[in-house]
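The values are calculated or read from the model by the stated rules, or taken from the named source; none is laboratory data. Being a predicted model, the structure only gives us computed values, none of them experimental. So basically every Cβ, Gly included, is an ideal-geometry build from the backbone, and we count neighbours across all protein chains shown. In case anyone asks, the SASA skips ligands and DNA or RNA and just uses the protein heavy atoms, side chains included. Shrake-Rupley method; radii C 1.70, N 1.55, O 1.52, S 1.80 Å.
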Amino acid sequence: MITYRVRRPITAYPRVDWRKSLHPYWLFCVDCVTFPPWEIVRSVNLAPKALLFLQVNSFIRKPCIRLVRWMFFDALMLLVILANCVTLAMSSNQPGFSDSSTGQAITRANYAFIGIFMAEAGLKIVAYGFVFGKYTYLRDGWNILDFIVVVMGVLELTSLGNYTFIRSFRALRPLRAITKIASLKIIVESLFRSLPMLGDVMILAMFYFSVFGIFCTEIFKGQLYGRCGAPAFDQAYSVYQEDQLSTQMIFNVSYTVSSTTANQVCKGPLSSDQIWYNVSNTAVAAPFSYIGGLQWGYACPYQPSSNPNDINYPSGVFCTNYGNPDIGGYRNFDNILITWVQLYQHMTWQDWSYIMYATQAAMSWWTWPLHIFLVIVGGLLLANLALAVIFLHFSKYYNEAKAYAVASFDLSHYSRKSSQMLSNDPQVAHSLPSEDSKSVLAPRRTTLVVSGVLDVAWQWFRDLNYSVYVSSWFLHLTTFMIVGNAVVLAILWYEMPQEWVTGTTNANIAFSCYFVLEMLIKIIGMGPRQYAADSFNIFDFFVTLLGVVDMSLTLAPGVSSPGTLSVFRTFRLLRVMRLARSWEGLNRIIHVLLSSLVSVGWLTVLLFMYIFITGLLGMAFFGFKLDSCPQVSNAVQICPPGLTWMDCPPHFDCYVPCNSSIALSWFSVPGSPYGNKAYCEVFPRDLVANFMQQNSTLQIMSNTLQNGNVVPSSPVPNMTLLDQLQFWAQVGQPTTFMPNYDNIFQAMLSTFIILTTDNWDSNMKTMMVLTQSPWLPAFYTIITMTLGVFTVLNLFLAILLNNLDELVVLSPINIKEASAQDRDEVSGPHLLAGAAFLKQPDHSAEYLGNIAVPHVMDLDLSNHNQASLVQELLREEMLIKSAAKVLHKPPSGSSNSQTSRSSEIACKEVDGHVGAGRACSTCRRACSTGFSRQRAACIKPGDSFK
C-alpha cells in the first residue's frame, strides 16, 4: 500500500460548542430581569437614615433601594435618555416650528421626559437621602448633574427667567448617559482625576493671557484703523488767508478709500496733518517731509501721479481713519476681551500672521519678535504642556479604565447572584466551559500519514503549494506585484489617452489574476480553516474578491457605468496594505493603530456626546439666526402679513418697504437680483382686490373734482381697511452662512469644524456680525475649542502614545534583550520546576496549552532563545498566580490595607518584568481592579488563572 507522510505542519481545530459559549449571555439576561438579593443590595454604601426619618428596612425606602439598584432600572433609564436625545435632535429654532404637529409632539414628549426624570430623582432621594449624611443623593457629583438637569426642566415648564438660557440646559441631558455606562463613567472620572494638574496649566494660561493681553492692548489699541484714502473736494471750500490775500486755503477736505486699499493698514502720512491750498484752481498739498519706509510702518503713496490707473492719481493718497474692514472690525486690540481673542489665535496658530502684518504696517516692522514669542509660548509650550499633563496623569488611570471597559462585557461582573449560583450548583458549573476545557479548544499541531493514490496525490499537491507559499522568492514576487499594482493605479490623470487606458486596464487584469492564483495557493497549502484563522488572510480574500468583481465588470459586455466601476477600482488601493505582512515595522504600527481603535471605543462615544451636546447648544443659540441680506441696503427678513410660517421659507426672504403710490408696480432698487428692480406688493394678499377697488374709486373722485363736475354716488373708500395694509417688495433670498446650526446634523458638523480649528476665527467673527451679539459666539467658540481640542481630543493622542510605548516595550528586539538580561536573574523553586517540566516534550505542550498564549504553540523548544522565552512565560505565570491569590483570596484576619499592599507588591514584581506582554497586562488589570476594591471576576479563563 502507498503511504505518504505529510510534510507541512498540520493544525487540528476542534469543534466549538456554541451552547456552552452562549450560556453566560443567557445568565446575563436572567440577571437583568431579576432583583438581586436584599442582603447584597443593602450591604453597599447606604446612609442609615434617609430624609431624617426613613430607616433602611422601612417599607417605603426598601422598595426604592431595590428598584434604583436594579440592573434593568439603569438600562431602562438609559433608553429613556437616548429617546430624549432623539427628540432634542428633532427640535428646531425655525420660526413657527412650535406650532407644527412635529413641534407639538416634541413638546408633549418633553413634558413626559421631565416627569420621568423627576420620578427617578424622587426615587433616588427616598432611597439614598437628599443631602444630610454620607452616601446621600447630592453627595455624588453625577447626581448633582442629574438634579440640575431636572431643576432646569421644571423651570422650563414654568417659563421663568431667560427662556433661551434655561432651554439650553436641555443639552446637558445626554450627559446623564455617562452615569448609566460604567466604562464611560470610569473614563470620565479618570479625566476628572487629572484636572488638578490641568488646573495648574490653566492658571499658567491665565497668567499668559493677562500679562500679554494688557501689554498688547497698551501698544496696539486704536492702531489698526488707518487706510490710504484719496482726497475728495466735493464739499470743500476755499478761504483767503488774512496776511496773504493771494493764497487760498482749502477746508473740509474728505478722503475716499477705494476697495483696492481697504485691506492695507497704513501709518502715514496722516490726512489730518495735511494743509491744502488752491493754486490756480488746483488743489495742492503743503510741502512736508515724511520719513517712511518698511521699518517704520506702511507709507501711503502721497506723491501725485499723472497715470489714471494709479491709486495716487491725481493728488496722492493719505492715511486716514477709515475703520477696520475685517469681518465686523474684530481684528483689533481696543479692549482686553478682543485682545484675548487675538492671543487665542496665536495660541491655536490660526491667521496669526495676518495680525502680525497688520501691526507691522500700522507701527513698525520690529513687532515680529512679539508675535513669534506669543506663538512659541502659547502654541508650543502651553498647548503641548496640556497634552503632556493629560498623558502623564491620565495614563495612570488608563489601565483601570481599560479594565472596566473589558469588565463591562464580562457577564460575571454584573451578576453576583449568578456567580453564587454557579459556585453552588455543580450541574450548572459542569455545563459551563471551564479553564481546562478552554485549553482544549486551542489548536493542536499533529502529524498526518495518508494512504491511497488519490489521497497521496492530493496531499503531495498541498505540500507543494505550501512549500511555494512559505518560500522567500514567492514572498518577494508578491511584494513586487503589490508595488507594481500601486504604480499602475497611480498612472491616472484626467483625459488620459485611450492607449494608456487600455494598457493600465490590461495590467490590472493581470495583477488580479496573479492575486487570485496566490490566494488559491495559500488556501490549498494551508487549508481553509488555517487560512481563515489569520485576519490578514481574510483581508486579502475580500480585496481579491473585489478585484475579481472589478475584472468581471470590466470584461463584461454592455457594462459601461463609470460609477459602478470606479467604486470597485477604488478597493484596489487596499492591496498596498498587504505590504504590512512583509514589512515588520509597518505591521507593528498597524497593529498599534488597530488596537488603539479598539481602546478608544468609549472615548469615541465620549467625543460623539461632546459634539452632540455642543451642537444642541449651538442650535439653541444660533439656530436660523446666521443669515442676512447684504445685497440690498435697508432690506429686512420678514414673513409678510397674511402669510403663515408654512407659506414662508425656513429662512425668510429679503424685503424692502414701499408705499401705496407705487403699489402693484415695479420700481428701482439698487442691488436687487431682478435687474435692480423690485415689485411692490400689497399685504395681506387677500385684500389686493379691495385695495384696487378703493384705489380706482379714489382716482375717479380725484378726476371728477379736477373737472368741476359733481361727484357721482359711489361707495366711500374704507380708510380704516387701507390703513391696515402693508407694502413690501421682495428683493431676493437671504445669504445663509455656512457652517450653521439650523439642524442637529449641520450643528454637529459645524462643531467638528471648530474642533479641527479650520478657519474658526473667520467663522466666529461672521457669527458675531450676524447675531449682533459679539460675545456669545466668541465664548461659545473658544470654550468649545478649549474643552474639545485641549482635553477630549488630547485623550486620543494620549492613548495612541500609550500604545506606542507598549509597542516599543513589546517589540521582538526588546523581548530578546529582556530575556537575555533576565535569564540570569530568574530563580526560585517555581521557575526551576517549570524548566524541568519543559524538558519533557509531552508535558510541555500540555502546560503551554493551559497558559493560553497562542503564539507559544509556534515555538521551537530545541531553540535556546525560544526556550528561554518560554521560561520567561513560565515565570510570568507563576507571578500572576501569586498575585491572583492575594487579590481574590485574602488571608483571614488581614485588613484591606494589608491586602492592597500585598497586591501592590505582587503587581510590582510582575510590572518589573518585560518578558510576556499579555501576562503583564493581565496582571496589571487584575491589580488595578484589586486596588479599587472591586471583587468582580476580572481574571478571565483565557488568562489561565487556576
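Some values worked out for this structure:
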| quantity | calculated |
| --- | --- |
| Tally, over the range 72-99, of residues that are outside any helix (DSSP H, G or I) and in contact with a Phe, Trp or Tyr (Cβ under 6 Å, 6 or more places away or on another chain) | 4 |
| Test: residue in the range 77-99 that is farther than 24 Å from Gly618 by Cα, in contact with a Leu (Cβ under 6 Å, 6 or more places away or on another chain) and surrounded by fewer than 16 Cβ atoms within 10 Å (Cβ to Cβ) | no |
| Matching entry among Leu204, Leu172, Leu224 (being over 25 Å from the mean Cα position of the chain (by Cα) and either of a type in the set (S, T, N, Q) or surrounded by fewer than 19 Cβ atoms within 10 Å (Cβ to Cβ) (or both)) | Leu204 |
| Of residues in the range 44-72 being over 18 Å from Asp140 (Cβ atoms) and of a type in the set (S, T, N, Q), the one surrounded by the fewest Cβ atoms within 10 Å (Cβ to Cβ) | Asn57 |
| Extreme residue, modelled with the highest pLDDT, among residues of the range 272-297 that are within 49 Å of the chain's Cα centre (by Cα) and open to solvent by less than 80 Å² (accessible area, probe 1.4 Å) | Gly297 |
| Qualifying positions in the range 549-578 - over 30 Å from the mean Cα position of the chain (by Cα), open to solvent by less than 60 Å² (accessible area, probe 1.4 Å) and at pLDDT 70 or above | Val549, Asp550, Met551, Leu553, Thr554, Ala556 |
| Residue match in the range 105-119 (condition: of a type outside the set (Asp, Glu), outside any helix (DSSP H, G or I) and within 30 Å of Asp627 (Cα to Cα)) | no |
| Residues that are at pLDDT 75 or above, part of a helix (DSSP H, G or I) and either assigned by the TED database to the domain that holds Phe394 or more than 21 Å from Phe745 (Cα to Cα) (or both), drawn from the range 594-612 | Gly601, Trp602 |
| Contacts under 8 angstrom Cβ, first residue in the range 75-93 being in the same structural domain as Tyr111 (by the TED database), partner acidic (Asp, Glu) and modelled with pLDDT of 90 or more, 6 or more apart | Met77/Glu120; Ser92/Asp742; Asn93/Asp742 |
| Filter result (open to solvent by 40 Å² or more (accessible area, probe 1.4 Å), modelled with pLDDT of 75 or more and assigned to a loop (DSSP other than H, G, I, E, B)) within the range 5-36 | Arg7, Pro9, Val33, Thr34, Phe35 |
